[in-house]
Amino acid sequence: MAKRLFVKTYGCQMNVYDSARMADVLAPLGYASAESAEDADMVILNTCHIREKAAEKVFSELGRMRKLQTAKAEAGSRMILAVAGCVAQAEGAEILRRAPFVDIVLGPQTYHRLPEMVAQAARAGGAVLDTEFPPEPKFDFLPESRAEGTSAFLSVQEGCDKFCTFCVVPYTRGAEYSRPAAAVLAEARALASQGVRELTLLGQNVNGWRHDDGWTLGRLIREVAAIDGIERIRYTTSHPRDMDDELIAAHAELPELMPFLHLPVQSGSDRILQAMNRGHDRDTYLRLTEKLKAAQPDLALSSDFITGFPGETDQDFADTMALIREVGFVQTYSFKYSPRPGTPAALMPDQVPEKVKEERLAQVQALLLEQTMAFNQSCVGREMKVLLDRPGRHAGQLVGRSPYMQPVHVKAAAPLIGTVARLRIVKVHPNSLEAVTA
Ligand code: 5AD
Ligand code: SF4
């Protein structure tokens, strides 16, 4: 009998990729995807541990899942409940203690073993816990990726050795690991043959990707760009320290490489950058962005910021605001500092009051909103290549993404779906750009 799987994803794009791969792993067991947890025989919560709020959400969602599970049991069927991802990795057995109705707890590095875990949970009825960092890379055991649509994620690197003092990733995702180039290219080719036109190469430190014979990410991108059908390439998330000349050159030379780069800086204050153990200062970052813009004059930059890191003074924060203006970021993901258990910054003196963190966050977000709007406005009159991927809300309209990820709508015929069209931007709407065929 067909079984149904519902995966709920929290957090980063790596989790979005992992969720899709977990579904791929379970497909041979007969699991098709369900629209909601209500319709599912198995539910996986793929969790995020990066900030306290993200982790808390998991436990409240588990409460809701328990009710569903009980209702199902009363109706004579079973719902297997699994917690995956970084909360599972960090909390492990604690999840089973707080939520004993959970059947499976698995970390981000063990989901290739899901079929075994499901069988074991079904057989024994007891909970299964697997948060190892196994010696075998999971990628070697995953079935071929199934593409949905024209844009896909492809994980090339995982883990982090940078140990920023605020961050849990090095503990939850483990040490930096690069997938072999051959495996990445095979997956890219398979996706292209299924109609994918845009690939986003993923990694917690994607530009830390390395190959035994000295290849770095710039070279890998060059190889991906040569694949038939792949018209656009992005990569995220990068660390300023790993931005080498070959990657910068790729921005100058490869038209497939989109001129939009997420390059988190976190703070504009040297004192704070040092306390964060970022391994770069403000000036190095600025010079790096200048080099990138020299290579690709159309480049737009996006960043993450943390407000209220321990010890952050008004002057430190002013330095951050000044850097945002100086670089001219067009997009940001910004957060107030959230002390994470087990990270060095959580124990630092001079924790900043919540109210101050919030006020500073609001200022960062207001400034970025201004800069985003100014950037959108500057796009009017420009010609852009837009990957049209679906029908719009109105008849005769298609929607797609600009090179800068802006949603763009245009009056165009349905057969253009799945193609990259040259469009002229004519108007800015609150959440999208309007274009005409150029
Ligand atoms: N508190 C607030 N933000 C954090 N991030 C990572 N750890 C924390 C934390 N403890 C942010 C960083 C990172 C993004 C993914 O999440 O800005 O780049
Ligand atoms: Fe976390 Fe820093 Fe690694 Fe990014 S580089 S994952 S912020 S430790």
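Please list, ordered by first then second residue, the pairs with beta carbon atoms under 9 Å, 6 or more apart or interchain, first in segment 366-378 and at negative phi and in the same structural domain as residue 300 (by TED's automatic domain parsing), second charged (D, E, K, R) and part of a helix (DSSP H, G or I).
These pairs meet every condition: 367/325; 371/325.
What single numbered condition from (1) within 16 Å of ligand 1 (Cβ to nearest atom); (2) over 21 Å from the mean Cα position of the chain (by Cα) fails to hold for residue 171?
(2)
Yes or no, residue by residue, for (1) within 16 Å of ligand 2 (Cβ to nearest atom); (2) more than 22 Å from the chain's Cα centre (by Cα); (3) assigned by TED's automatic domain parsing to the domain that holds residue 155:
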{"residue": "184", "(1), (2), (3)": "no, no, yes"}
{"residue": "200", "(1), (2), (3)": "no, no, yes"}
{"residue": "207", "(1), (2), (3)": "yes, no, yes"}
{"residue": "214", "(1), (2), (3)": "no, yes, yes"}
{"residue": "224", "(1), (2), (3)": "no, no, yes"}
{"residue": "227", "(1), (2), (3)": "no, yes, yes"}
{"residue": "246", "(1), (2), (3)": "no, yes, yes"}
{"residue": "249", "(1), (2), (3)": "no, yes, yes"}
{"residue": "252", "(1), (2), (3)": "no, yes, yes"}
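For segment 202-212, does any single residue satisfy the condition of being within 16 Å of ligand 1 (Cβ to nearest atom), β-branched (Val, Ile, Thr), under 30 Å from residue 91 (Cβ atoms) and part of a helix (DSSP H, G or I)?
So far as segment 202-212 goes, yes, one or more of its residues are within 16 Å of ligand 1 (Cβ to nearest atom), β-branched (Val, Ile, Thr), under 30 Å from residue 91 (Cβ atoms) and part of a helix (DSSP H, G or I).
Which residue is nearest to residue 331 (Cα to Cα), if the candidates are limited to segment 389-419 and must be under 27 Å from the mean Cα position of the chain (by Cα) and at pLDDT below 95?
389
Answer yes or no as to whether residue 418 is touching a residue at least 60 places away in the same chain (Cβ under 8 Å) and touching a Ser or Thr at 6+ places or on another chain (Cβ under 8 Å).
The answer is yes for residue 418.
Please go through segment 84-103 and give me each residue that is surrounded by 23 or more Cβ atoms within 10 Å (Cβ to Cβ) and not in a helix (DSSP H, G or I), ordered by number.
Scanning segment 84-103 gives 84, 102, 103.
Please report, ordered by residue number, the strands (runs of 3 or more DSSP E) entirely within segment 240-346 with at least 1 residues that are more than 16 Å from ligand 1 (Cβ to nearest atom) and under 28 Å from residue 377 (Cα atoms).
Fully inside segment 240-346 and qualifying: 260-262, 300-307.
Say we look at segment 158-178 and pick out the residues that are among the aliphatic types (A, V, I, L, M) and farther than 12 Å from residue 14 by Cβ; which of these is surrounded by the most Cβ atoms within 10 Å (Cβ to Cβ)?
Step by step, filter segment 158-178, then rank; the result is 168.
Taking residue 222 as meeting all but one of (1) surrounded by 16 or more Cβ atoms within 10 Å (Cβ to Cβ); (2) assigned to a loop (DSSP other than H, G, I, E, B), write down the number of the exception.
Of the numbered conditions (1) surrounded by 16 or more Cβ atoms within 10 Å (Cβ to Cβ); (2) assigned to a loop (DSSP other than H, G, I, E, B), the odd one out for residue 222 is (2).
Scanning for something buried (at least 20 other Cβ atoms within 10 Å of the Cβ) and aromatic (Phe, Trp, Tyr), does segment 211-218 turn up at least one residue?
No, segment 211-218 contains no residue that is buried (at least 20 other Cβ atoms within 10 Å of the Cβ) and aromatic (Phe, Trp, Tyr).
Exactly one of (1) over 19 Å from the mean Cα position of the chain (by Cα); (2) of a type outside the set (A, V, I, L, M); (3) under 17 Å from residue 9 (Cβ atoms) is unmet by residue 91. Its number?
Of (1) over 19 Å from the mean Cα position of the chain (by Cα); (2) of a type outside the set (A, V, I, L, M); (3) under 17 Å from residue 9 (Cβ atoms), only one is false for residue 91: (3).
Considering only residues of segment 159-173 that are closer than 18 Å to residue 137 by Cβ and in a loop (DSSP other than H, G, I, E, B), which is nearest to ligand 2 (Cβ to nearest atom)?
Step by step, filter segment 159-173, then rank; the result is 160.
Can residue 99 be described as at pLDDT 90 or above and within 15 Å of residue 173 (Cα to Cα)?
Taking the combined requirement at face value, the residue does not satisfy it.
Against the condition over 21 Å from residue 271 (Cβ atoms) and touching a residue at least 12 places away in the same chain (Cβ under 8 Å), how does residue 315 come out, does it pass?
no
For segment 322-349, which residues satisfy the criterion of being of a type in the set (A, V, I, L, M) and more than 13 Å from ligand 2 (Cβ to nearest atom)?
Across segment 322-349, the qualifying residues are 322, 323, 324, 327, 330, 346, 347, 348.
Consider residue 234 carefully, then state whether it is charged (D, E, K, R), outside any loop (DSSP other than H, G, I, E, B), in the same structural domain as residue 196 (by TED's automatic domain parsing) and buried (at least 20 other Cβ atoms within 10 Å of the Cβ).
yes
The values are calculated or read from the model by the stated rules, or taken from the named source; none is laboratory data. Just so it is clear, the model here is predicted, and its values are computed rather than measured. All Cβ positions, glycine included, derive from the backbone under ideal geometry; neighbour counts span all protein chains shown.
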